[in-house]
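For reference, the structure is listed below as structure tokens.
The values are calculated or read from the model by the stated rules, or taken from the named source; none is laboratory data. None of these values were measured; they are calculated from a predicted model. With ideal geometry, Cβ positions are generated from the backbone for all residues, glycine too; neighbour counts draw on all protein chains shown.
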Amino acid sequence: MEPEYSNKNIVLQELIGLRVRIKSSDDSSREGISGTVIDETKSTLVIKKSDKTVRVPKVGTVFAFRCGRKSFIVDGKEINFRPHERISKGLKFYKARSV
């Protein structure tokens, strides 16, 4: 069963497989990069573009994740955890996000 993504719970969900676009970044050369998340570490997302893969730091980057017709804006510091730690450590960001 597919998880139900919402603006509130996106910071707790699996990100691998989602479409993503970089809305803003401390490194302006990364802005506008889009593709599919293919891997994740504590501090980076690996994005598969049509011609190559790009490793992007989470902190200092604002992402727009796409799931179906829905788009969710996430500041990288809200997901700056190992994927398996996101549920326990990400709860403070979950509670602070609007519905």
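Working only within the stretch 5-20, note down all residues that are in a loop (DSSP other than H, G, I, E, B) and either small (G, A, S) or out of contact with any Cys (no Cβ under 9 Å at 6 or more places or on another chain) (or both).
Correct list: S6, N7, K8, N9, E14, L15, I16, G17.
Could you figure out which of (1) touching a strand residue (DSSP E or B) at 6+ places or on another chain (Cβ under 8 Å); (2) crowded, with 17+ Cβ neighbours inside 10 Å; (3) of a type outside the set (V, I, T); (4) within 26 Å of K92 (Cα to Cα) isn't true of L12?
L12 satisfies every listed condition except (1).
Surrounded by 12 or more Cβ atoms within 10 Å (Cβ to Cβ) and without any contact (Cβ under 8 Å) to a residue 40 or more places away in the chain: does that describe I79? Spell out the reasoning first.
Details: surrounded by 12 or more Cβ atoms within 10 Å (Cβ to Cβ): yes; without any contact (Cβ under 8 Å) to a residue 40 or more places away in the chain: no.
So I79 does not fit the description; no.
In the stretch 40-50, how many are surrounded by fewer than 16 Cβ atoms within 10 Å (Cβ to Cβ), in contact with a strand residue (DSSP E or B) (Cβ under 8 Å, 6 or more places away or on another chain) and closer than 17 Å to G76 by Cβ?
Looking only at that region, the number is 1.
Return the only residue of S25, S6 being free of Cβ contacts under 8 Å to residues at least 40 places away in the same chain and not β-branched (V, I, T).
Details: S6 fails: free of Cβ contacts under 8 Å to residues at least 40 places away in the same chain.
So the residue among S25, S6 that is free of Cβ contacts under 8 Å to residues at least 40 places away in the same chain and not β-branched (V, I, T) is S25.
Given the criterion touching a Gly at 6+ places or on another chain (Cβ under 6 Å), among the β-branched types (V, I, T) and surrounded by 12 or more Cβ atoms within 10 Å (Cβ to Cβ), identify the matching residue among V59, V37, V54, V74.
Testing whether each residue is touching a Gly at 6+ places or on another chain (Cβ under 6 Å), among the β-branched types (V, I, T) and surrounded by 12 or more Cβ atoms within 10 Å (Cβ to Cβ) leaves just V59.
Give the residues of the stretch 42-78 that are more than 19 Å from N9 (Cα to Cα) and at pLDDT below 95, sorted by residue number.
Residues satisfying the conditions are S50, D51.
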